[in-house]
Amino acid sequence: KIAKENNVNLALVAPTGPKGRIIKEDVLRFIQGKQAPQKAAPAVSTSSHSAPHTPGPVSNTPVPLGVVPLDQRVPIRGIQRMMVKSMTESLQIPHLTYCEEVTFDKLRQLRESLKTDLGKRGIKFSYMPLLIKATSLALSHYPVLNASIAENGTEMIYHSNHNIGLAMDTPKGLLVPVIKQVQLKSILDIAIELGHLQEAASKGALSESQLSGGTFSLSNIGSIGGTYAAPVVVLPQVAIGALGRTQVLPRYLDKKGEPASLETIENGDAVVAPVSVMNVSWSADHRVVEGATIARFSNKFKQYVENPALMVAELR
Ligand code: CO6
């Protein structure tokens, strides 16, 4: 009614209500913006095309073609406000980022061989439980990456548990629920717990305890896309990994199906074959973590992923 009385085209109004509904306040704000654009829309940008269409934590609603919305000023609240605070603090520390390509064929086969049977038992089995376990096994060789700097700034705390936070893209925004004591859990335990956390995240029902206590973080950004990333350490943790999208790419292989050496290629004993690969990007707090440590840790992770039998051999 208010829109009609004020001749407002609702297609131009940015919704902030549940499920993208336009609420009374949106219309009033729009009217204000039209009548007094300087008040409602302080100069965020000189180009109105760059203005966000939908305010709020998840401002990804596309702008309808041909619509030039007004700039808006919206409060940063909730999860987004926490992110502003935590990411600003995180970027006070010097980061190092290290990237690696990991062959994925054997892990893919392992997952395929388990997925159907576990699915029949109602367990969703993605790559993540295997990758989380591989991370934990690699961490046990490099405990400095599962540590934090004590508040007094003069001591390191080496955490006995591998509490691995997993970045989740949820309706509420980016949340990082934690799978605790990964070093004691089977791959199946991890799959079941991940399923519970994903379900709770989708309902916006993650508890404070599920969201706290992490000692290391992983982000599977590859489930959305991308190859390399430069993840930001979540303080007080000292390291984080971002997993890229798995891709099938041509690679030189020797007769045993292993990566071919230059000599083998030059001798004509290599073939170009399709290989599943995934890129992984690690970031760490460079105050306490050296590049060589991350490189060695990454080599361990790569070993476990490329030869999951090794991972099985080390499981308790
Ligand atoms: N590559 C290719 N395909 C993938 C990948 C990768 N890395 N990961 C998942 N998938 C596939 C997966 O195999 C499933 O397909 P099927 O094989 O057909 O079953 C499908 O994608 C869906 O997987 P799903 O997301 O349901 O499950 P998964 O256990 O792999 O991941 C999750 C769970 C919670 C990690 C994920 O759903 C998620 O939220 N990912 C986004 C995390 C995120 O937003 N990170 C951003 C943090 S900020 O990292 C950051 C440095 C910056 C960029």
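Some values worked out for this structure:
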{"item": "Within the range 161-171, considering residues that are within 12 Å of the ligand (Cβ to nearest atom) and not hydroxyl-bearing (Ser, Thr, Tyr), the one surrounded by the most Cβ atoms within 10 Å (Cβ to Cβ)", "result": "Ile164"}
{"item": "Filter result (within 16 Å of the ligand (Cβ to nearest atom) and of a type in the set (Val, Ile, Thr)) within the range 281-312", "result": "Ile294, Val305"}
{"item": "Residue in the range 239-257 that is among the polar types (S, T, N, Q) and either touching an Asp or Glu at 6+ places or on another chain (Cβ under 9 Å) or more than 16 Å from the ligand (Cβ to nearest atom) (or both) present", "result": "no"}
{"item": "The range 106-126 residues that are open to solvent by 90 Å² or more (accessible area, probe 1.4 Å), paired with ones that are among the acidic types (Asp, Glu) (beta carbon under 7 Å, 6 or more apart)", "result": "Lys106/Glu306"}
{"item": "Residue within the range 215-226 that is more than 11 Å from the ligand (Cβ to nearest atom) and closer than 26 Å to Asp169 by Cα present", "result": "yes"}
{"item": "Flag for Arg81 being in a helix (DSSP H, G or I), more than 24 Å from Ala292 (Cβ to Cβ), open to solvent by less than 80 Å² (accessible area, probe 1.4 Å) and charged (D, E, K, R)", "result": "no"}
{"item": "Matching residues in the range 178-211 - criterion: being more than 12 Å from the ligand (Cβ to nearest atom), among the acidic types (Asp, Glu) and either under 22 Å from Arg111 (Cβ atoms) or in a helix (DSSP H, G or I) (or both)", "result": "Asp189"}
{"item": "Qualifying strands (runs of 3 or more DSSP E) (wholly inside the range 92-160; at least 2 residues being within 16 Å of the ligand (Cβ to nearest atom))", "result": "95-103"}
{"item": "Some residue of the range 201-215 being open to solvent by less than 10 Å² (accessible area, probe 1.4 Å), over 20 Å from Ile123 (Cα atoms) and among the small types (Gly, Ala, Ser)", "result": "no"}
{"item": "Elements of type helices (runs of 4 or more DSSP H) in the range 235-316, at least 2 residues being open to solvent by 30 Å² or more (accessible area, probe 1.4 Å) and in contact with a Phe, Trp or Tyr (Cβ under 7 Å, 6 or more places away or on another chain)", "result": "291-306"}
{"item": "Search result, residues across the range 194-214 that are in contact with a strand residue (DSSP E or B) (Cβ under 9 Å, 6 or more places away or on another chain), polar (S, T, N, Q) and under 24 Å from Leu235 (Cα atoms)", "result": "Gln198, Ser209, Gln210, Ser212"}
{"item": "Hey, Thr16 at pLDDT below 50 and of a type outside the set (Lys, Arg) or not", "result": "no"}
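Conditions tested, residue by residue: (1) among the small types (Gly, Ala, Ser); (2) surrounded by fewer than 16 Cβ atoms within 10 Å (Cβ to Cβ); (3) at pLDDT 50 or above; (4) in contact with a Pro (Cβ under 7 Å, 6 or more places away or on another chain).
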position: Pro37; (1), (2), (3), (4): no, yes, no, no
position: Ala40; (1), (2), (3), (4): yes, no, no, no
position: Pro52; (1), (2), (3), (4): no, no, no, no
position: Pro69; (1), (2), (3), (4): no, no, yes, no
position: Val74; (1), (2), (3), (4): no, yes, yes, yes
position: Ser90; (1), (2), (3), (4): yes, no, yes, no
position: Ile93; (1), (2), (3), (4): no, no, yes, no
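The values are calculated or read from the model by the stated rules, or taken from the named source; none is laboratory data. Treat the numbers as computed from the prediction; the structure is a model and nothing was measured. Note that each Cβ is placed from the backbone with ideal geometry, even for glycine, and that neighbours are counted across all protein chains shown. Only protein heavy atoms, including side chains, enter the accessible area calculation; ligands, DNA and RNA are left aside. Shrake-Rupley method; radii C 1.70, N 1.55, O 1.52, S 1.80 Å.
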